[in-house]
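Presented below is the structure to which this report refers.
Bear in mind that the values in this text are calculations on the coordinates, not laboratory data. Note that the structure is predicted; figures quoted are calculated from it, not measured. Every residue, glycine as well, gets a Cβ built from its backbone with ideal geometry; the counts of neighbours run over all protein chains shown.
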Amino acid sequence: MPPAFLILIFLLPYLAATAFEHFLSWCNDRHQVRPETLPPVFRDTLDAMSLSRMRDYARDRNRFSILHRITTDVVLVSALMTGLLQALDLRLHGLHPVIAGLLFFGFIGLASFLIGLPFDWSHAFIIEKRHGFSTKTPLTWILDQVKGLALSLLLGTALLSGILAIWFWAGSLNWFFAFLLVMGFQLLMIFAYPLWVAPLFNTFTPLAEGPLRQSILELCQRTGLDVKDILVMDASRRTAHTNAYMAGLGRSRRIVFYDSLLQKHPPEEIIAILAHEIGHWKFRHLPKQIFFFGSAAFLLFWLAGKLMDWPLLYTAFGFAYPQAHTGFFLLALLWTPAGLLLSPLSCALSRRAEYKADAFAKKACGSGKALQSALKRMAKDNLSNVSPHPLYVLFHYTHPPLAERIAALEDRGC
């Protein structure tokens, strides 16, 4: 049995961060919009029934998310306090370090997958179905789970094997080479995702010839965007939510519209939404995000290089031997509060980028009215939280609250 008091001391930052996350969720749940607190920009589009549906949806999602996280945390802490993970590591001792690491994380990953299954099912067929969003069939859900598990096994095994092998053979610079591997893998996935991964889950068809496609091509030409494909994704097979995005780099760059978005928005709003996405490309927001992620990853791997040989890290949690895989697992726990501390900066930079993309869309379209109309329609159709708690926004919102985006467009003279 591991020394419980030492485990608790090391877990205190993790538990404090988890408790703070629950506090943020509670604040957000209590801050639901009501007719008297409705932001002025929505008073012409949201009635009392819409607001009631928004409150119910946000409350259900929030409480369900809290339950999921509490369950996961209880299982994780229990596995550490009872010595289950330590016993597993002891059984793996003597195997090749890469094999031992794969089996250790494979056990944790499988347990996490199994714990998550009932929550994912409930989210799709209770929460989302109750509020009119989920269009999944049980067969589609099962196939998604099988494909997702197979993909995680394939990609996760490849990446983890590389990291563990580097840590075992690369000496004092193992942390640096592991960092390079992770960054290379991320860049590869940005390129490969739209080509090979996304088509495993959805069907993508070229946008039909017509006035909308012509307007999109004119916008791309006017803004200097070289795009390979303009595609429609069959998102309505799974959800009634609406969205659009640009994916890929270089020759893999493509514009993707949810079919549900094309069904619910008029052409001028679709063009405005696309102009916003082009704004992200114009301002090179994706490379900047990669740089931010790379900086955080560099710091994490540097710290790993310093701490992985610290004996107390292992003895405090009751692990008999210092191993790379247990070191990574324990450092991931300790990194959780650090990630929470970094999230306000990360979210602030992301929200700033959204404002800049909105301003670009207004300029590209000659007016911000279409984008304002699109944002209002998306808020109503997606039952978005139009009045999130400011503290929750600070730590979790990568996009500005919709009311603030619309108001900012108005302030720019729309």
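Odds and ends about this structure:
- Tail weight of P(r) past 20 Å, computed on alpha-carbon pairs of the range 203-297, percent: 38 percent
- With helices as the sole contributors, the chain gives -23000 deg cm²/dmol at 222 nm; each DSSP H run of n ≥ 4 counts as -39500 (n - 2.57), and the sum is divided by every residue.
- Both the radius of gyration and Dmax for the range 9-94 are 20.4, 68 Å, in that order, over alpha-carbon atoms.
- Note on the chain: with a GNM built from Cα contacts shorter than 10 Å, the maximum mean-square fluctuation among Met49, Met81, Met189 falls on Met49.
- Within the range 144-277, antiparallel bridges make up roughly 60 percent of the DSSP beta bridges whose residues both belong there.
- A run of the chain free of exposed loop cleavage sites, with chymotrypsin sites (Phe, Trp or Tyr not before Pro) counted only in DSSP states other than H, G, I, E and B and at most 16 other beta carbons within 10 Å, reaches its longest extent at 1-200.
- Prolate/oblate/rounded call for the range 123-173, Cα gyration tensor, a/c under 1.5 rounded: prolate
- Listed values (1) 32; (2) 29; (3) 45, entry calculated as percent of Cα pairs over 32 Å apart: (3)
- Rounded if a/c under 1.5, otherwise prolate or oblate - the range 35-190, Cα gyration tensor axes: prolate
- 0 to 90° range, to nearest 10: angle between helix 324-365 axis and the chain longest Cα axis: 10 degrees
- The tail of the calculated P(r) for the range 199-249, taken as Cα-Cα distances beyond 19 Å, holds 34 percent of the pairs.
- With 5 Å bins from 0: P(r) over the range 124-262, alpha-carbon pairs, percent: 2, 9, 13, 15, 15, 14, 11, 10, 6, 3, 1, 0, 0
- The range 351-396: C-alpha gyration tensor shape, a/c 1.5 cut-off, then a/b vs b/c: oblate
- Filter on Lys264/Lys288; Lys264/Lys362; Lys288/Lys380; Lys136/Lys264 - keep pairs with C-alpha separation over 25 Å: Lys264/Lys288; Lys288/Lys380
- Considering only the chain, percent of DSSP beta bridges that pair antiparallel, nearest 5: 60 percent
- In loop segments of the range 199-248 as defined by DSSP, the trypsin sites (Lys or Arg not before Pro) with at most 14 further C-beta atoms inside 10 Å of their C-beta are Lys228.
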